[in-house]
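Here is the structure we will look at.
The values are calculated or read from the model by the stated rules, or taken from the named source; none is laboratory data. Everything numeric here is computed off the predicted structure, so don't read it as measured data. Cβ placement follows ideal geometry from the backbone for every residue including glycine, while neighbour counts extend to all protein chains displayed.
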Amino acid sequence: MPLTPDLSFDTELQLAGRLAAGLVLGAVIGLERELHRQPAGFRTHALVALGAALFTIVSAYGFAGDGVDPTRIAAQIVSGIGFIGAGTILQHRGNIRGLTTAASLWSVAAIGMAAGAGLLVMAMIGTVLILVVLALLDRVAAFMSRWIRPSDDRHPTDHDSALEDLP
């Protein structure tokens, strides 16, 4: 039995489309992060999604034979991207920054995995939902913070962790 399956040209084109979808969807999320001047932006998010899509495709189509577990590589994407995300989190003078960036990278890896697995509708819906979280929920948190605690009641040492990634 061969170590790698023999894929048709049509199948290879379809897989290339999945790679492109992962790249584009990751880039869309990265663009939002770039516009908010976050450290991981357009290129980083695009590469994470593309890499996750490629690993997922390799996991599913790159190996054949008895004892091959296509979920092993996919499982390692989750922990591997956690390592990259941990590098984006900084603690300085009691403030934690970069948690949202780490979460967006982790989420973009899931988008890439979905695209690589051929779940393109789920990848697109996931992208839209991530954009909603990144673009809208910070404004909801800012509104709620002002509504619950008016600005004149704050002390200069107060910190709003929910507002850490506001531009």
Kindly provide the set of residues from segment 107-132 that are under 14 Å from the mean Cα position of the chain (by Cα) and surrounded by fewer than 17 Cβ atoms within 10 Å (Cβ to Cβ), ordered by number. 122, 125, 128, 129, 131, 132
I need every pair where a residue in segment 133-146 that is surrounded by 12 or more Cβ atoms within 10 Å (Cβ to Cβ) has its Cβ under 7 Å from the Cβ of a residue that is of a type in the set (D, E, K, R), sequence separation at least 6 or different chains. 134/32; 135/32; 138/165; 145/160
Residue pairs qualifying under the 6 Å Cβ cut-off, at least six apart or on distinct chains, with the first in segment 101-118 being within 8 Å of residue 53 (Cβ to Cβ) and the second being buried (at least 24 other Cβ atoms within 10 Å of the Cβ) and of a type in the set (S, T, N, Q), are 113/56; 116/56
Given the conditions (1) of a type in the set (A, V, I, L, M, F, W, C); (2) without any contact (Cβ under 8 Å) to a residue 60 or more places away in the chain; (3) over 16 Å from residue 113 (Cβ atoms), which single one is not true for residue 64? (2)
Scanning segment 100-157 for residues that are over 16 Å from residue 21 (Cα atoms) and outside any helix (DSSP H, G or I), which turns out modelled with the highest pLDDT? 149
Boolean, residue 94 is in contact (Cβ under 8 Å) with a residue 24 or more places away in the chain, closer than 23 Å to residue 38 by Cα, small (Gly, Ala, Ser) and touching a strand residue (DSSP E or B) at 6+ places or on another chain (Cβ under 6 Å): no
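Residues checked against (1) under 30 Å from residue 97 (Cβ atoms); (2) crowded, with 16+ Cβ neighbours inside 10 Å:
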| residue | (1), (2) |
| --- | --- |
| 9 | no, no |
| 17 | no, no |
| 20 | no, no |
| 27 | yes, yes |
| 35 | yes, no |
| 38 | yes, yes |
| 47 | yes, yes |
| 61 | no, yes |
| 77 | yes, yes |
Please tell me if residue 20 is aliphatic (A, V, I, L, M) and under 22 Å from residue 122 (Cβ atoms). yes
